[in-house]
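Only one structure is covered here, and it is reproduced in the block below.
The values are calculated or read from the model by the stated rules, or taken from the named source; none is laboratory data. Bear in mind the structure is a predicted one, so any value in this text is a computation, not a measurement. So basically every Cβ, Gly included, is an ideal-geometry build from the backbone, and we count neighbours across all protein chains shown.
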Amino acid sequence: MKIDLHIHTKTCSDGNLSLEEVFKEAKNRNIELISTTDHDSIDCQERAIALAHEHEMSYVTGVELNVTFEYPTEDNGIKSVSLDFLGYKYDIGNQELRNKLQLIKERRETRAREILQKLNAEFAKEGIERFTEQDLRNIEDSVDGVFGRPHIANYLVAKGIVKDKQEAFDRYLVKCDVPKYPLSIAEASKLIRNAGGILILAHPNDPNGTSLVTITHDLDKQTKIIEEHMLDYIDGIECWHSRNDTRTTEHFIDFAKGHGLIMTGGSDCHQKPILMGTLDVPAWVADQFSPRANRKTSKFKGALV
């Protein structure tokens, strides 16, 4: 049984294929259990459910939320890092969740304007023509899903200012970044759980960025952070991921089993290249999403209102 519970689409996020193309490709790859997990957006979920039915696949509602995670430092200070969490099995009609995601979407659009202002300051130093309101409209017109820095990066490439997206980030977009909507882990947990869903820590040891690697590369220290600061808010961990090595996967499987956490897996496919269905996610992972699967009530103490 092929399982992929972490896929992004062009229609509602920053993938390279439309929602319809994702499901067509997933069918060709014999994926039987699937979830599309677009960034801070559930606008494609109703259509995704229908497409899964058309292609005779099992479907789990999904979303990837960016969270501002605060943790205490050794000198008794507080630091914050950006982490990703996956929400599954929630009710797509939940109004509280929809309202919050709308606020996050509006913040993304404001953030984009603030990033462009910072870019213009850098352009002025380098003698590059400033971006105008028309440039902003051009970028917005290129966005199918949720507006983010990758869309600005693509525009920088199209304008010939940089040669590729990596250079766009290295030269401008890291320096010119602006904070996202400050969603806390407690708020993310409440939103997903109140909508009937479960919250999963995504790619905890992803070497490419939004993960606990920004705090420590040590796997034992990573799981210590989860143990001390996250267990009240999460229901599981993404143990299989396209950028995991064997040691990482085994470490988080052992940790999840030891704490009675749900274990999920997904390619995190943005279709650049197409990675859907390439992970060896055990078939028993699907059992955790069956109607018979019961979550431990202890995980919800103090989280529901």
Filtered residues of region 239-269 (kept if under 19 Å from Gly209 (Cβ atoms) and either outside the structural domain of His203 (by TED's automatic domain parsing) or among the basic types (Lys, Arg) (or both)) = Arg243
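Here's the yes/no breakdown for (1) surrounded by 14 or more Cβ atoms within 10 Å (Cβ to Cβ); (2) among the charged types (D, E, K, R); (3) in a helix (DSSP H, G or I):
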| position | (1), (2), (3) |
| --- | --- |
| Ile225 | yes, no, yes |
| Cys239 | yes, no, no |
| Arg243 | yes, yes, no |
| Glu250 | no, yes, yes |
| Met263 | yes, no, no |
| Ile274 | yes, no, no |
| Gly277 | yes, no, no |
Here are some residues: Arg171, Arg108. Which one is out of contact with any helix residue (DSSP H, G or I) (no Cβ under 8 Å at 6 or more places or on another chain), under 26 Å from Leu17 (Cβ atoms) and assigned to a helix (DSSP H, G or I)?
-> Arg108
Select, from Arg149, Arg130, Arg137, the only residue that is surrounded by 15 or more Cβ atoms within 10 Å (Cβ to Cβ), of a type in the set (D, E, K, R) and either closer than 30 Å to Asn244 by Cβ or without any contact (Cβ under 8 Å) to a residue 40 or more places away in the chain (or both).
-> Arg149
Residue list for region 88-113, restricted to those being in contact (Cβ under 8 Å) with a residue 24 or more places away in the chain and within 13 Å of Asn194 (Cβ to Cβ) | Lys89, Tyr90, Asp91, Asn94, Glu96, Leu97, Arg98, Lys100
Going by the conditions given, is Phe85 among the hydrophobic types (A, V, I, L, M, F, W, C) and at pLDDT 95 or above?
-> yes
Please specify each residue of region 232-251 satisfying the condition of being out of contact with any helix residue (DSSP H, G or I) (no Cβ under 6 Å at 6 or more places or on another chain) and touching a residue at least 60 places away in the same chain (Cβ under 8 Å).
-> Asp232, Ile234, Glu238, His241
Does Asn76 satisfy the condition of being among the polar types (S, T, N, Q), outside the structural domain of Asp206 (by TED's automatic domain parsing) and without any contact (Cβ under 8 Å) to a residue 24 or more places away in the chain?
-> no
Residue count, region 53-70, condition of a type in the set (Gly, Ala, Ser) and surrounded by 17 or more Cβ atoms within 10 Å (Cβ to Cβ), comes to 1
Are any of the residues in region 16-32 closer than 22 Å to Val281 by Cα, crowded, with 20+ Cβ neighbours inside 10 Å, assigned by TED's automatic domain parsing to the domain that holds Phe289 and not aliphatic (A, V, I, L, M)?
-> yes
